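> For reference, the structure I am asking about is given below.
The values are calculated or read from the model by the stated rules, or taken from the named source; none is laboratory data. None of these values were measured; they are calculated from a predicted model. Because the Cβ atoms are built from the backbone with ideal geometry, glycine has one as well, and the counts that use them run over all protein chains shown. SASA here: full protein model, heavy atoms, side chains in, ligands and nucleic acids out. Shrake-Rupley method; radii C 1.70, N 1.55, O 1.52, S 1.80 Å.
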Amino acid sequence: LRVVDAKTGRVVIDGLRRQRIGAPLGAPKDRRFTALTRKAGRSGIATVDGHLTAYRRVDREAGNANDWMLVATAAMSVER
């Protein structure tokens, strides 16, 4: 499970990685969701990097300027 910046495709939070104090959030070099953020609607299912991926945009509200998507990726590749 990941939180992705919908503007850049950058992984802000990665459920598989511990966040180290003082380190950049998430996995800054992981850009596999960049194409998804450009063409995705509010929610849906897509194949990303060979894996079935469900996504949903997080609604913006007062006090929240972030444009994020919640992304869940299947562990097994769809090509298997």
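> Which percent of the accessible heavy-atom area of the chain goes to carbon and sulfur, probe 1.4 angstrom? Please list the in-between numbers first.
Values: 3030 of 5710 Å².
About 53 percent, which is the carbon plus sulfur part of the accessible surface.
> Can you pull out the trypsin sites (Lys or Arg not before Pro) in region 33-63 that DSSP calls coil and that have at most 14 other Cβ atoms within 10 Å?
Numbers: sites: 38, 39, 42, 56, 57, 60; in loops: 42, 60.
Counting only loop positions with at most 14 other Cβ atoms within 10 Å, the trypsin sites (Lys or Arg not before Pro) in region 33-63 are 42, 60.
> What accessible area per residue, rounded to a whole number of Å², is obtained for the chain using a probe radius of 1.4 Å? Could you put the intermediate results ahead of the total?
On the way: 5710 Å² over 80 residues.
Using a 1.4 Å probe on heavy atoms only, each residue of the chain averages 71 Å².
> Oh, and also: Once you charge only the Cβ atoms, +1 for Lys and Arg and -1 for Asp and Glu, what is the size of the charge dipole of the chain about its Cα centre, to the nearest 20 debye?
Details: 16 positive and 8 negative charges, 30 e Å.
Dipole size: approximately 140 debye.
> Among 16, 63, 52, which residue has its Cα furthest toward the positive end of the charge dipole of the chain, with +1 on Lys/Arg Cβ and -1 on Asp/Glu Cβ?
Checking the options against the dipole of the chain, the answer is 16.
> So if each residue of separation counts as 0.36 nm, and I subtract the Cα-Cα distance between residue 47 and residue 31, what length gain in nm does that give? Numbers along the way, then the final one.
Working: separation 16, 0.36 × 16 = 5.76 nm, distance 1.45 nm.
That pair, residue 47 and residue 31, stretches by 4.3 nm at full extension.
> Summing Lys, Arg as +1 and Asp, Glu as -1, what charge do residues with Cβ under 13 Å from the Cβ of residue 30 carry, residue 30 excluded? Before the final figure, lay out each step's value.
Values: positive: 2, 10, 17, 29, 31, 32; negative: 5, 14, 49.
Net charge around residue 30: +3.
> Out of every Cα-Cα pair in the chain, what percent are more than 22 Å apart?
Values: 717 of 3160 pairs.
That tail contains 23 percent of the Cα-Cα pairs.
> Please give, to one decimal in nm, the separation of the simple spin-label points placed at residue 19 and residue 72, each 7 Å out from Cα toward the Cβ.
The two pseudo-label positions are separated by 2.1 nm.
> Rank by packing, highest mean first: peptides 27-33, 2-8, with packing defined as the count of other Cβ atoms within 10 Å averaged across residues.
Details: 27-33: 15.6, 2-8: 19.1.
Those peptides, ordered most packed to least, come out 2-8, 27-33.
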